[in-house]
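Here's the structure we're looking at; comments come further down.
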Amino acid sequence: MDRREFLLNTAKASGVVLPSWGLLPLANAQASGSKVMVYVHTDGGIDHDSWTDPAIGPGINNYTTAGTPVPGSGNLRWAPMGNNTAFFTRFRDQCLFVNQVNTETNSHEDGSYRFATGKLEMGYAPICELHAAKFGAGQPANWMARDDGRAMMSAGLATPTPVPNGDQLRAMVLPNAASATNDFVKQSDFAKTVAVRNARLEALKAAGVMLPKERLLTEQFIAGKEARVRLEAVAANIPQQISQQFPDIQVGLIAAQSGITAAIQVARGGFDAHGNIEDYNGANGSLTRLTNALTFIWDEAAVRGLTDRLFVMVGGEFGRTMLNGSGGKDHNNVGGTYLIMGPPTWALGNRTVGYSGPRHEQRTINRMTGAPDPNGIVLRPSHVHKAIHDYLGIGPSNPMLAMGVPASETINLFNASMVTGHPSLLA
């Protein structure tokens, strides 16, 4: 008989009914086949021209001035900056670029909220909250988040749990843990205490019928013990050394592997480049830090057996202008971009949907094919979110939280035949 059977049989023999909270961590664990969502907010508002929507022309960027060609592979083209080429070459078939998304705002706060929720109006749920409510209902930390307040503002469907560090995570799940590597007392002494508690449970079982107060105390004791047993599954997945560079991502993926988290929301900053867009470049530039973080997500997911379940979404805040007088770029509602990534077997990557003009002017596309279409639609975050809601099956049951995209504007985003490419780039 394992410990779970022992606890349940003890409860049954004593006339005790276990409260639901005692069964949460694994009984309501995420189904093994459901997606794990990771949302990465590019804090400050990433410049699309330095990322997935490159352009060639004077005054637009420095790589034009330097005569550096725009690299690409398959249907993707990207800016020759940071570590973009190595990253997109490796992950080409997992990447879906959604370019030229009009956020209708130049505000950091409104932009981060709109990219995360799809809407400017208050009261809508971030994409991670919808995913957590659907696939992580009842999990103790179904939505782990470390992002700015607006991007993770809940609509009441789920509560964001701040991402703990490695020490905090181990302390959460092991009562004897002082840190990620040290215990309060010797484990052998702690085991003796546990043995005494188990003996007490045996005594309660042998006692049979109990008084109401005794039954209540036993219910609480057994439920707490059951929850602790289940949380030990999390502790077993914590490595001796937590990543120093990406602790929030690693802890979130450990929680997802352990079945207590369905959605992870994090941020990577350094993208508000009013002064000098070259801050994006270099070994420690914001673009390299971003692609390193995304690479870590996929490498760590492979270690934790999550690769085939992962759905990664990278969002910004708005687009950016051409170069200003300081060599930087200012805010622009036109030109926002999403990067969506699926597993290696996804078969929906190596595509770009949406495009801008030669100098990043607003352009419209056919909502079904993605082809340039003067009578088509202007892409907005609500179009992208509506498509993701339908694809993942996480659309809100409350119509007041829906995107409100009319049927005549829904986009065919997750059809492999929908491709825009980069028609404004010079041949």
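Return yes or no: is residue 137 open to solvent by 50 Å² or more (accessible area, probe 1.4 Å), aliphatic (A, V, I, L, M), modelled with pLDDT under 95 and under 18 Å from the mean Cα position of the chain (by Cα)?
Values: open to solvent by 50 Å² or more (accessible area, probe 1.4 Å): yes; aliphatic (A, V, I, L, M): yes; modelled with pLDDT under 95: yes; under 18 Å from the mean Cα position of the chain (by Cα): yes.
Yes: the conditions hold for residue 137.
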Original post:
What's the number of the condition residue 273 fails, among (1) modelled with pLDDT of 95 or more; (2) over 16 Å from the mean Cα position of the chain (by Cα); (3) part of a helix (DSSP H, G or I)?
Top reply: (3)
Original post:
Across region 177-197, what is the number of residues that are over 18 Å from residue 239 (Cβ atoms) and either of a type in the set (A, V, I, L, M) or in contact (Cβ under 8 Å) with a residue 12 or more places away in the chain (or both)?
Top reply: 7
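Would you mind finding the one in 49, 53 that is part of a helix (DSSP H, G or I) and modelled with pLDDT of 95 or more? Step through it out loud before you land on a result.
Values: 53 fails: part of a helix (DSSP H, G or I).
The match here is 49.
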Original post:
Any idea which residue in region 282-318 is most open to solvent (accessible area, probe 1.4 Å), counting only those that are closer than 17 Å to residue 84 by Cβ and among the polar types (S, T, N, Q)?
Top reply: 284
Original post:
Which condition number in (1) under 20 Å from residue 317 (Cβ atoms); (2) touching a Ser or Thr at 6+ places or on another chain (Cβ under 8 Å); (3) outside any helix (DSSP H, G or I) is the one that residue 80 fails?
Top reply: (1)
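Give region 175-194 a look and list any residue that's in contact with a strand residue (DSSP E or B) (Cβ under 8 Å, 6 or more places away or on another chain) and not in a helix (DSSP H, G or I), or say none.
Step one: of region 175-194, the residues in contact with a strand residue (DSSP E or B) (Cβ under 8 Å, 6 or more places away or on another chain) are 176-177, 183-184, 190.
Correct list: 176, 177, 183, 184.
Restricting to region 64-76, name every residue that is surrounded by fewer than 21 Cβ atoms within 10 Å (Cβ to Cβ) and either under 17 Å from residue 295 (Cβ atoms) or of a type outside the set (Val, Ile, Thr) (or both). Break it down stepwise before answering.
Let us first name the residues in region 64-76 that are surrounded by fewer than 21 Cβ atoms within 10 Å (Cβ to Cβ), namely 64-75.
Listed by number, the residues that qualify are 66, 67, 69, 71, 72, 73, 74, 75.
Is it fair to say residue 337 is at pLDDT 95 or above, surrounded by 19 or more Cβ atoms within 10 Å (Cβ to Cβ) and in contact with a His (Cβ under 6 Å, 6 or more places away or on another chain)? Outline the logic, then answer.
Numbers: at pLDDT 95 or above: yes; surrounded by 19 or more Cβ atoms within 10 Å (Cβ to Cβ): yes; in contact with a His (Cβ under 6 Å, 6 or more places away or on another chain): yes.
Judged against the criteria, residue 337 is a match.
Do we have residue 89 as open to solvent by 50 Å² or more (accessible area, probe 1.4 Å), without any contact (Cβ under 8 Å) to a residue 40 or more places away in the chain and either part of a helix (DSSP H, G or I) or within 30 Å of residue 401 (Cβ to Cβ) (or both) here? Give the steps one after another, and end with the answer.
Values: open to solvent by 50 Å² or more (accessible area, probe 1.4 Å): yes; without any contact (Cβ under 8 Å) to a residue 40 or more places away in the chain: yes; either part of a helix (DSSP H, G or I) or within 30 Å of residue 401 (Cβ to Cβ) (or both): yes.
Yes, satisfied.
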Subject >> Checking residue 114 against (1) touching a Ser or Thr at 6+ places or on another chain (Cβ under 6 Å); (2) among the basic types (Lys, Arg); (3) more than 25 Å from residue 330 (Cα to Cα), the condition it does not meet >> reply: (3)
Original post:
Out of 369, 352, 321, which single residue is open to solvent by 10 Å² or more (accessible area, probe 1.4 Å), assigned to a strand (DSSP E or B), of a type in the set (Ser, Thr, Tyr) and modelled with pLDDT of 95 or more?
Top reply: 321
Original post:
Across region 372-398, what is the total count of residues that are of a type in the set (A, V, I, L, M), open to solvent by 10 Å² or more (accessible area, probe 1.4 Å) and not in a helix (DSSP H, G or I)?
Top reply: 2
**OP:** Please enumerate the residues belonging to region 59-77 that are more than 26 Å from the chain's Cα centre (by Cα) and part of a loop (DSSP other than H, G, I, E, B).
**Re:** 59, 60, 61, 66, 67, 68, 69, 70, 71, 74
**OP:** Only residues in region 378-398 that are under 18 Å from residue 157 (Cβ atoms) count as the first member; pair them with residues that are surrounded by fewer than 18 Cβ atoms within 10 Å (Cβ to Cβ) and of a type in the set (S, T, N, Q), Cβ under 7 angstrom, at least 6 apart or cross-chain, and list the lot.
**Re:** 386/410
Original post:
Within region 93-112, is there a residue that is under 30 Å from residue 236 (Cβ atoms), in contact (Cβ under 8 Å) with a residue 40 or more places away in the chain and buried (at least 18 other Cβ atoms within 10 Å of the Cβ)?
Top reply: yes
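The values are calculated or read from the model by the stated rules, or taken from the named source; none is laboratory data. Because the structure is predicted, anything quoted here is derived from the model rather than measured. Heads up, the Cβs are rebuilt from the backbone with ideal geometry, glycines too, and the neighbour counts pull from every protein chain shown. Only protein heavy atoms, including side chains, enter the accessible area calculation; ligands, DNA and RNA are left aside. Shrake-Rupley method; radii C 1.70, N 1.55, O 1.52, S 1.80 Å.
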